[in-house]
Structure formats: structure tokens, C-alpha cells
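Visitor: Encoded as C-alpha cells, here's the structure I'll be asking about.
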Amino acid sequence: MVHIRVENLGLQYPLQKRKTLLGRMSPIAGQNSLAGRNGKTVNRVTAIDGISFSLSAGDRLAVIGANGAGKTTLLKVLYGIFEPTSGSVEIQGRVDALFNINLGFRREATGRRNIELRGLINGWSKAEIDERMDEIIAFSELGEFIDMPFKLYSQGMGARLAFATATSFRPEILLMDEWIGAGDLNFQKKAKERMQTMVEAAGIIVLASHNPAILRATCSHGLVMERGKALFFGPLEDALAHYEKHSEKADRQSR
Amino acid sequence: MLDIIRTGLTDIRAGLGKRKIWMALAKEDVGDSLKRTRLGRLSLLLNYLLFVGTLLFVFGRNDPNYVIYLACGLLVWNFITDTITPSVTLFVGEEAFIKGTVLPLFVYVMRHTMRSTIRASYALIGAVGIVLYDKGVSTGWLYAVPGMVWIVLTAPAAATILGILGVLMPDLKFFVQNIMRLAFFLTPVFWYPTGGRLRDLLYDWNPFTHYVDIVRQPVISDTIPLHSWAICLALTALVWAIAILLLGLYRKKIVFLL
């Protein structure tokens, strides 16, 4: 059974520091170390601080919070790009992520070859790639352009190919940093339907977004984050209400 | 300590397992670099032949074996620089991938090694041609094959070390570039070690010499350079040990350092 269990998750990482020729450590340009309490410099950033939640099959989690709250970082920990420094993440099921769907597209290669390469990078087998190829080409509406180099594509064509490739699998657990769409009005409608089918078929979804309409249409649960901490975890409507109340409060305080 | 080694080895094993990815990407890389050239892959071979020809023209052919000496030396040397110089920016250059996918780091190392190996294989065709033309067939050549294999096996470890150091010390890029340019002159690729003490010293103490010799000497004299082999075996083992340790230490940290 697919599930995600996150317990007391913490992630700290060092501020970017590089050894210079003099052997001294110094922060890279434009990024000074933060001054902490007692005037000591803080060399580590706490990106995620003691987050716990658990999701089981059918749950759709919305990750809500202001910019810099740690939403993307949390998704990247769940995906495995970042290793947590404390706590634990237990995941049962295959995790797929839609972060940067344009990653790895090569200008010189044809659309067809790009689908193959992207599939390999995603961990698809040769058989899986072959199986999905025709469907991806059809969905992307590229027609004969599929056998021409990617660099000849218009932006919209490139985006359509990326979208069609990225969404051509049936994920067990799907991580999304913002809802994705692509193309002109017609394609957007198609893309929306495709996303909805995919989301419905997935066992678990974790979606970070600022768009309440999309979250309401997709999610069942909400996790409100601020500065790496979880402020609230529960049913989506309560989470949205909590977030709204909290941002109003923060807004008043800042005035 | 054991954990570090295990992390390093796990990444290497996982990276090797994703053979399809790095083979495909390396092929694309080599193809892309030649895409707009008229000669295509032939230019890799011609480039090598031109290099040999130019040096031959400049230094003349005083020794009957000089052509082969040069051909084998350049074959190995080109592979060594082609591996070492760009490897400093190996992980830096893959930032988007490292921050966007969960591929093992060793995938990028192997992609890089594969790229150099594909390019070197065109030079190899040229080298075999030159030796055939100049000397004819000999069974001694077979001894050069393990030498070439050993050099290719050393490449991923060297690239791993420099790739990680390049992330930690961005300045290294310029140093390595210059050191490798200089090392070409300090390595007996186009000169013989008979011109005085300095040359002899360089010959003996320059590690690159021995990697060149395990390929070159069998072709020239049908013998196996045991002394050079011993040094190469030890050096490669050392390089791999350091690579595994560094990979284990920085596997998880690299993504934050980029």
C-alpha cells in the first residue's frame, strides 16, 4: 500500500562557502553569512524544522506557505534530492516528480530522441519508452516535427513536448512544485484534463502551489509551512483558513 | 569511515547500473560537438593525425621509432588531458541535473569518461594506422591493450576526485588547465629521456610517463614495462581509494554546495 510517513523531519545545510586559494573559508560574493544571536555568524540554514505528517493512498496534500517557507525543499527531500539531517522519511511506492520538466532537453536532438533521453533519465525501460512513444507524439501534436531537431521548435512546441513526456506515466506517488500546464488555449484545456486524470490515478499527491482554486480542486489535506516549520496539518479547508488568518496577522504586524 | 566507503561504493554501483543513460548522453555529447562540422566524426581522426604530423614536422625524424613513439604518446596523452581538464567542472556543469533528479553522481562521471573514450577511439584508429604503416604487425602490440584498458579504468576515479574538488574550490579550474598544458611539455610525449638530468628526473617522477609507457613501450619494443606497470597499478589503486572516500564524504553534500 502506498504511503508517506514523515517524522520530525529536519534539514539544515551549510551556507555556500568555498575554500579560496588562501585556504580561508569565505562566503561567496553577495552571500554574507547571517548574523545570529550573540553576534555570532550562523553558518547553517535551517530549511526544514521538525515537520511530521503521514499520508496514505488517496490522500492529496497541498503544501501551502509564503515564498521561502520551505515548500520546494520539502518536496526535494521527499523525492530524495536532499538528504534530511534529522528525523525520518518513510515512503512506500514509486515516487515521480514534476519539478523542472524542461530539464535535459537537447537542442540538437530530434523530438523523438529527446523523448527517449528523457525517458532514460526518468528511469523508464526501453520497452516503456517504446510503449509510450506514439502516445506522447500524438499528445504533443508535433506531427512531422517530431523527427526534426528540438532547436527548430517554437517555444510552445517545446513546452508541449516537455509536458507530454513528463505526464505520460501513471505515478504511484506524485510530487509537484506548482501545477504545470503548457501551450495555447486549446492545448491548455487538454493539458488540464490530462493532469486531472493523472492526479486521479495517482496513489498520493503532494502539490505545492499558491493557487487556492487549483488546491481546492485537487487536494484533500493541507500543510501550512512557515520558515521551515509546520504551522498546521489537517483538512484542506482548515489549512487554507489557517494560512489566510496567519498571513493577515503577519500583515497587520508588519504595518 | 565504513559508512563513507559504503556510500561511495553504493553511488558507483548505482551509477554503473544506469549504463544506458550515460552511454546515450555521451553519444549525444560527442555528436553535438560535431553537428555543424562538415567532416563530422572524421575530424576527430584528422585532428589527431594533424597533431602527430605537426610535431613530426617540427622535431624531425631523427630516430626510426620516433613516429610510433609520437603516435602512441599522443594517443594516451590526448585521452589523459581530455579526461582531466574538463573534469574539474564536471559536477558544476551538471548543476541542473543534480538539483533536479536523483541520478547517482557516478552517472555524470561515466558520461564524461565515455565521452573521452569515444573521442579517443577515433585517434586510436589513426594510431593503429600509423603503426601499421610504419612498422607492420607484431604480437607485442597485444601487451599495449591491457595498458589502454588500465588507463580508461583510471579515468573515472580521477574525474570523480577533480569533479568534487572543483565544486569545493572553483579556482582549481584555472590551475588544472594550466598544469595540464604545462604537463604536456613535462611528459615524454614528444621528447626522449636522454637529454640530461632534468629530463631523466621528469621521466622517472612524472606519473603520466608511466601511463604513457604501458601503452607505448610494448608497441615499440615488444616488451612489457614492468616498472611502469607497478607504478600505474599502485597509482590507480590510490586514485580509486581517494575517489571512493571523497564520493562517500560529499555524495549528499554536493547538491548544497553547487
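The values are calculated or read from the model by the stated rules, or taken from the named source; none is laboratory data. Small disclaimer: the values here were computed from a predicted structure and weren't measured. As a convention, Cβ positions derive from the backbone with ideal geometry for all residues, glycine included, and neighbour counts pool all protein chains shown.
Visitor: Could you look through the stretch A:97-106, keep only residues that are touching a residue at least 24 places away in the same chain (Cβ under 8 Å) and at the interface with chain B (Cβ under 8 Å from one of its Cβ atoms), and pick out the one that is farthest from the chain's Cα centre (by Cα)?
Guide: The qualifying residue farthest from the chain's Cα centre (by Cα) is A:106.
Visitor: Something else now. Looking only at helices (runs of 4 or more DSSP H) that lie completely in the stretch B:1-81, which have at least 1 residues being crowded, with 18+ Cβ neighbours inside 10 Å, small (Gly, Ala, Ser) and away from every other protein chain (no Cβ under 14 Å)?
Guide: B:2-17
Visitor: Return the residues of the stretch A:124-133 that are surrounded by fewer than 18 Cβ atoms within 10 Å (Cβ to Cβ) and either away from chain B (no Cβ under 12 Å) or not basic (Lys, Arg) (or both); say none if nothing qualifies.
Guide: A:125, A:127, A:128, A:130, A:131, A:133
Visitor: Only one of these conditions is not met by residue B:186: (1) out of contact with any Gly (no Cβ under 6 Å at 6 or more places or on another chain); (2) touching a residue at least 24 places away in the same chain (Cβ under 8 Å); (3) of a type in the set (A, V, I, L, M). Which number is it?
Guide: (2)
Visitor: Scan the stretch A:140-152 residue by residue and report those that are under 16 Å from residue A:101 (Cα atoms) and away from chain B (no Cβ under 12 Å). Talk me through it step by step, then tell me what you get.
Guide: Quick first cut of the stretch A:140-152, residues under 16 Å from residue A:101 (Cα atoms) only: A:140, A:150.
Within the stretch A:140-152, just A:140 meets the criteria.
Visitor: Restricting attention to the stretch B:118-150, report how many residues are in contact with a Phe, Trp or Tyr (Cβ under 7 Å, 6 or more places away or on another chain) and either over 26 Å from residue B:222 (Cα atoms) or crowded, with 22+ Cβ neighbours inside 10 Å (or both).
Guide: Total meeting the criteria: 2.
Visitor: On to the next question. Just for strands (runs of 3 or more DSSP E) wholly inside the stretch A:165-255: which have at least 2 residues that are surrounded by fewer than 20 Cβ atoms within 10 Å (Cβ to Cβ) and hydrophobic (A, V, I, L, M, F, W, C)?
Guide: Ranges flagged: A:229-235.
Visitor: Exactly one of (1) more than 14 Å from every other protein chain (Cβ to nearest Cβ); (2) closer than 30 Å to residue B:107 by Cβ is unmet by residue B:138. Its number?
Guide: All conditions pass for residue B:138, except number (2).
Visitor: Quick one: would you say residue A:91 is free of Cβ contacts under 8 Å to residues at least 60 places away in the same chain, within 14 Å of chain B (Cβ to nearest Cβ) and β-branched (Val, Ile, Thr)?
Guide: So residue A:91 fails the test.
Visitor: On the basis of being of a type in the set (Asp, Glu) and under 24 Å from residue B:136 (Cβ atoms), does residue B:63 make the cut?
Guide: The answer is yes for residue B:63.
Visitor: Within the stretch A:61-82, can you find the residues that are facing another protein chain (nearest Cβ under 10 Å) and touching a residue at least 60 places away in the same chain (Cβ under 8 Å)?
Guide: Within the stretch A:61-82, A:79, A:82 meet the criteria.
Visitor: Further question: I need the full set of residues from the stretch A:107-123 which are more than 9 Å from chain B (Cβ to nearest Cβ) and buried (at least 19 other Cβ atoms within 10 Å of the Cβ), in order please.
Guide: A:111, A:114, A:115, A:118, A:119 - these are the residues of the stretch A:107-123 that are more than 9 Å from chain B (Cβ to nearest Cβ) and buried (at least 19 other Cβ atoms within 10 Å of the Cβ).
Visitor: If you go through the stretch A:21-60 one residue at a time, how many are within 14 Å of another protein chain (Cβ to nearest Cβ) and modelled with pLDDT of 55 or more?
Guide: Within the stretch A:21-60, residues that are within 14 Å of another protein chain (Cβ to nearest Cβ) and modelled with pLDDT of 55 or more number 6.
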